[in-house]
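One structure below.
The values are calculated or read from the model by the stated rules, or taken from the named source; none is laboratory data. Just so you know, these numbers come straight off a predicted model, no measurement behind them. Positions of Cβ are backbone-derived with ideal geometry, glycine not excepted, and every protein chain shown enters the neighbour counts. Note: accessible area is taken over every heavy atom of the protein model, side chains too, but ligands, DNA and RNA are not part of it. Shrake-Rupley method; radii C 1.70, N 1.55, O 1.52, S 1.80 Å.
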Amino acid sequence: MADETPEVGAPDAPEEAAAEAETPVAEAEAPEAAVEAEPKPAEPAPEPEPELDPEIEARFARFEAGLGDGVIDHAESHGTLVVRVRPDAWKRAAEVARADLDCDYLSFIAGMDWMPAPKTPGDEGTDTSAPVQPDTMTFGVTGSKGRFQVFAHAQSTTKHWGITLKTDVDEAAPAVDSWVSVYPGADWHERECWEMYGIDFTGHPKIRPLYLPAEFEGNPLRKDFALIAREVKPWPGLVDVEPMPGDDTPEDEGAA
Amino acid sequence: MTLALEIGWGTTLAIKTLIVLMIIPLGALILGYTFLLKMMSHMQSRLGPMDPGGFHGWFQLVGDGIKFLQKEDIMPDEADRRVFALAPAIVVISTFLIFLVIPTGPRLVVQHLDVGVFYALAVSSLSVVGVLMAGWASANKFALIGALRAAAQLIAYELPLLLAVVGVVIQAGTMNLNGIVIAQANGSIFGMDFFGNPFILTQIVGFVLFLIAAQAELTQTPFDMPVAESELVAGYMVEYTGFRFLFFFIGEFGTAFAFAALAATLYLGGYAIPGVNGGLADLLGPIVLFVKLMAVAFFMFWVRFTYPRLREDQLQAIAWKYLIPIGLLNIIATAIIKVAVP
Amino acid sequence: MTTTETPGFEVDPALHRTLENARVNVELDNGDMILNLGPQHPATHGTLRLVVRLDGERVVAADPVIGYMHRGYEKLSEFRTYPQITTLINRIDWLSSFANEVPFVSGAEQLMGVEAPPRAQWIRTILTELSRIATIYLFLGEMGLQVGALTPAFWGFRDRELVLNLIEGATGGRFHPNFNRIGGLKDDLPWGWISECRATMDKILKGCDDFEDVLVGNEIFEARTRGIGIIPGELGAAYGVSGANLRASGVDWDLRRDGKPYLAYPEIDFKVWTHPDGDSFARYWVRLQETREAVRMVIQLLDGLPAGSIMAKVPRIIKVPEGEVWVEVENPLGQMGYYIVSKGATGPFRVKIRSASFSNVSILPWLLRGVYVPDVITIMGSLYFILGDIDR
């Protein structure tokens, strides 16, 4: 897995561009009610890769100096430094963050499933209360090679900064190195991630379910794990997309 | 003055037994109502116990009693059934036995015993047998830990209790409780015999020791590890419900009543009012004793509702490192003074 | 004797046996005893289960078992729209619900490029601090209960009710206000609320003095808490222990002051209290000072409350543009954060909820080794967790 990482960065860019192209399509597919919401959020949208804050850039430089070619990509997302590292450098990234960035505090480790939740064909439109997510796979701010990622946030209690680290996880054999030896608090986070996404952490002293009973089957936070309650009965949140009485908005007239 | 008719010993015994049997629930009721419900509610701004029945929540205790009687009697499957059922009775019996020797008037005492004090203290520690039985028979780990703690604690605090009382015994020259009361009523301090010599004046160290040790014997709050609700849930009582729990409850408050009466008798002059003798003393004695014991009980419960709980090792350290040496010193000092100042 | 499926007790065969026969029975075959504290235990504030291995009264090993209250909010959030999610996250740390809403809403606002008007920010700050007081005040009393003093617990409940009344007065909800809207607040403060709030703050300050009198100076309380459950600052941070628990270990770190500026905190003056000892007493002491500090902050905020609108202009259908945001705030229990991933829909694609108690409790197996059973309760009490905040 490690040797293919150099070319990982390349396919990302087109994919991301494709993702941006996809989003309006998805919005167009949303119910008519969404039309009104369109203009507002469209304005701040195209700003993912502008100039970085100099402090964040300096922080990243420090991190990159420590980790070297383990870094794949980095970005600033709303004031947070997000760095995507190669899977084989995952544990070293934690060590570098702890040693070079003084990130002595582990905030969380979590999994991520970028695959859009599968939809049953013909189901569109019945449950308008559910948020309509895009159908294509897009990969957040620093991109991803595949469906699964593990991301974590470490912080410094002295320097008052933080870093979000991401790494790709192979879908066929989901496993990354454990952080327990760097941050003992990683123990529970990794157990949670393991049971929720089925991502194994090599080097974890004893990986076992945290929340779920032992006989539970499946990985609940994976997108293909259906939320049965929602399948059976749509959430009665329709009120949010219905016009308010006495509200003279375009869709009101459309409805009339 | 005296009852005019002669009563056979059998009838006397029956009457006496009945009275003592009445005193235990009555005492428990009085303490429970006054302190557990009213005083605690005021201290803690509780609204619940101040509400039922209208005036000041008088109905609360009755309601509690009814609730206990209605509850299902649950016995754990694994329990040693006979021992489990017997344990609350033993606790109450130990309380019952203390009351036998507490004088409430010159003649109002169930049994004059020349070893009264030691009898009282000896039977009071019988309750630990009941506690151990309860803890063991419940087949519950919390109960077992609670019972073991209780046993260790009662053994440790029996000593300071005794040592504290020895001072009184030396000063009074008798172990008979009635004799101790009389010694206080007739005594004088610094030549003043206006109100006798309540031993609290000369035995203040012993009195403090007695109260601390009694608090531990009663497993009340600074020393309530055996029942610690935040750790052991309710210790040895955890598996008891309904009527059986009520027995423990009555035993606990009845013993508190008895210890308060003992403290009042030993240190506060008991039933005696200086200058009042004969039948009037018999009549007023119970009231006087009651007032005094309520004062002591108020103090005990005040501490109970205020203080945090010690840890088991700290409790043992207090007993063995401080209370027992102080008790011994107190005895030595009392003995020396007794001999030096006749 | 299957040994592999039961969650996590392979480490210790004796622990394992207990879990298999759900019935707890007295085992005397070895010197050690397994004691199940919880899931129904008064000291666990809910349904935490702590399996401890005892040698006499000394804890040899402890293993917290969580998940009895796991409600899957991270999954549910993926099926809700943004305004609906505030209802869920209200119930994470149910004692300070309002404080849970704020970071989520502000995360959505950051993604949308919307900023709540100053008055809304200030009212949010006031209500956050009030929920901090309500939460910690209960702790101040409950800590007494953990060490056996009954009375302070009732005082805690009594005076907390005053604060809850304020929250209810402003938001309409005692526990779960659901008052935040993306872009501002649902309503402005009602008439007379500010003077009511000032009066209550005086009572809270007096209540803090009472707690200090009853517990802090008490020899037994000090004997029970000093030197018990010491968390070294460095280790605590590595475990992700946050909030007052970390500050009591001498780590001078408070997101209200040191994090990304949020709400009205940059504009008010407050002190971050720390204590060098790191023991249970230090945690109590720091929280006591924090409550007083929160009262001071509320009074400052009331004094400086700006006028103006309480709602920014936002579209009625909340659609959050694509992006990722990490928001973290200093909640009463510690660091609370949300990592929100949006794909431009009306609901988030993924919400990672970073709750304080989860990490605070994860240090328990390390912390409880070698202490006595009563100290287990003291330590758990002093860490102050809310089950909903662990299990989410």
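Residues of region A:129-148 that bury at least 50 Å² of accessible area when the other protein chains are present, relative to the chain alone (probe 1.4 Å, heavy atoms, ligands and nucleic acids excluded): A:Pro131, A:Gln133. Which shape class, rounded, prolate or oblate, goes with region B:24-110 when its Cα gyration tensor gives a ≥ b ≥ c as root eigenvalues, a/c under 1.5 marks rounded, and past that a/b bigger than b/c marks prolate? Taking the square roots of the gyration eigenvalues as a ≥ b ≥ c, region B:24-110 is oblate.
Measuring heavy-atom accessible area with a 1.4 angstrom probe and counting protein chains only, the residues of region A:65-95 that give up at least 40 Å² relative to the chain alone are A:His78. For the set B:Thr34, B:Thr11, the ranking by accessible area, highest first and with no ligand, DNA or RNA atoms included, is B:Thr11, B:Thr34 under a 1.4 Å probe.
Per-residue ellipticity at 222 nm computed for the protein assembly as shown from its helices equals -15000 deg cm²/dmol, with DSSP H segments shorter than 4 residues left out and the rest contributing -39,500 (n - 2.57). Calculate log10 I(q)/I(0) of the protein assembly as shown for q = 0.08, 0.09 Å⁻¹, where I(q) comes from the Debye formula with a single equal point scatterer on each Cα and nothing for solvent. The calculated log intensity ratios at q = 0.08, 0.09 Å⁻¹ are -0.85, -1.01. Ordered by solvent-accessible area of protein heavy atoms (1.4 Å probe), largest first, the residues B:Lys71, A:Lys223 come out as B:Lys71, A:Lys223.
For region A:66-76, the Karplus equation 6.51 cos²θ - 1.76 cosθ + 1.60, evaluated at θ = phi - 60°, returns couplings of x, 8, x, 7, x, 7, 9, 7, 8, 7, 10 Hz by residue, with Gly and Pro reported as x.
One compactness figure for chain C is 1.02, namely its Cα radius of gyration divided by 2.2 N^0.38 Å.
Think of the protein assembly as shown as having a plus end and a minus end, set by charges on the Cβ of Lys, Arg, Asp and Glu; of C:Pro103, B:Gly116, B:Leu36, B:Gly116 sits farthest toward the positive end of this dipole. Among C:Pro42, C:Pro117, C:Pro315, the residue with the largest mean-square fluctuation in a Gaussian network model of chain C, with springs joining Cα atoms closer than 10 Å, is C:Pro315. Residue order by solvent-accessible surface for A:His204, B:His112, C:His176 is B:His112, C:His176, A:His204, largest first, with ligands and nucleic acids left out and a 1.4 Å probe.
Here A:Cys193 sits with roughly 10 square angstrom of accessible surface, probe radius 1.4 Å. So how many Lys-Lys pairs in chain B land under 26 Å Cα to Cα, not counting same-chain pairs under 8 apart? For chain B, the number of qualifying lysine pairs is 5. Surface composition of region C:73-391: carbon plus sulfur atoms hold 55% of the accessible area, using a 1.4 angstrom probe and ignoring ligands, DNA and RNA. The Cβ shell under 13 Å around B:Leu36 holds other residues with a net charge of +1, Lys and Arg each +1, Asp and Glu each -1.
Accessible surface buried by the C/B pair amounts to about 3000 Å², both sides summed, 1.4 Å probe. Here the Karplus curve 6.51 cos²θ - 1.76 cosθ + 1.60, taken at θ = phi - 60°, turns the phi angles of region A:59-65 into couplings of 5, 5, 4, 4, 5, 5, 4 Hz, with x standing for Gly and Pro.
In the assembled protein chains, B:Leu86 presents an accessible area of approximately 90 Å² (probe radius 1.4 Å).
Buried surface between chains C and A: roughly 6100 Å² of accessible area, summed over both sides, computed with a 1.4 Å probe on protein heavy atoms only.
Which of the GluC sites (Glu not before Pro) found in region C:74-161 are loop residues per DSSP with 14 or fewer other Cβ atoms within 10 Å of their Cβ? Counting only loop positions with at most 14 other Cβ atoms within 10 Å, the GluC sites (Glu not before Pro) in region C:74-161 are C:Glu115.
Using the Cβ-Cβ distance between A:Asp100 and B:Lys321 with R0 set to 41 Å, the FRET efficiency from 1/(1 + (r/R0)^6) comes to roughly 0.20.
Pairs A:Lys166/C:Lys313; A:Lys223/C:Lys319; A:Lys206/C:Lys343; C:Lys203/C:Lys260; C:Lys260/C:Lys352; A:Lys166/A:Lys206: which are spaced more than 26 Å apart, C-alpha to C-alpha? Could you put the intermediate results ahead of the total?
Values: A:Lys166/C:Lys313 35 Å; A:Lys223/C:Lys319 21 Å; A:Lys206/C:Lys343 35 Å; C:Lys203/C:Lys260 32 Å; C:Lys260/C:Lys352 19 Å; A:Lys166/A:Lys206 23 Å.
Listed pairs above 26 Å: A:Lys166/C:Lys313; A:Lys206/C:Lys343; C:Lys203/C:Lys260.
By accessible area, using a 1.4 Å probe on protein heavy atoms only, chain B has 74% of its surface on carbon and sulfur. Here the calculated FRET efficiency for A:Ala58 and A:Ala173, from their Cβ-Cβ distance with R0 = 45 Å, stands at 0.75, rounded to the nearest 0.05.
Quick one: longest stretch of chain B between exposed loop GluC sites (Glu not before Pro), exposed meaning at most 16 other C-beta atoms within 10 Å and loop per DSSP? Longest site-free region, per DSSP loop and neighbour criteria: B:79-342. Residues of region C:42-75 buried by at least 50 Å² of accessible area upon assembly of all protein chains, compared with the chain on its own (1.4 Å probe): C:Glu57, C:Ile66, C:His70, C:Lys75.
Rolled with a 1.4 Å probe across the full set of protein chains, the surface gives A:Thr202 an accessible area near 70 Å². Averaged over its residues, region B:74-340 has an accessible area of 37 Å² per residue, based on protein heavy atoms and a 1.4 Å probe.
In Å², and per residue, what accessible area does region C:73-391 have when probed at 1.4 Å with the other protein chains present? Can you show the working numbers first?
Working: 8270 Å² over 319 residues.
On a per-residue basis, 26 Å².
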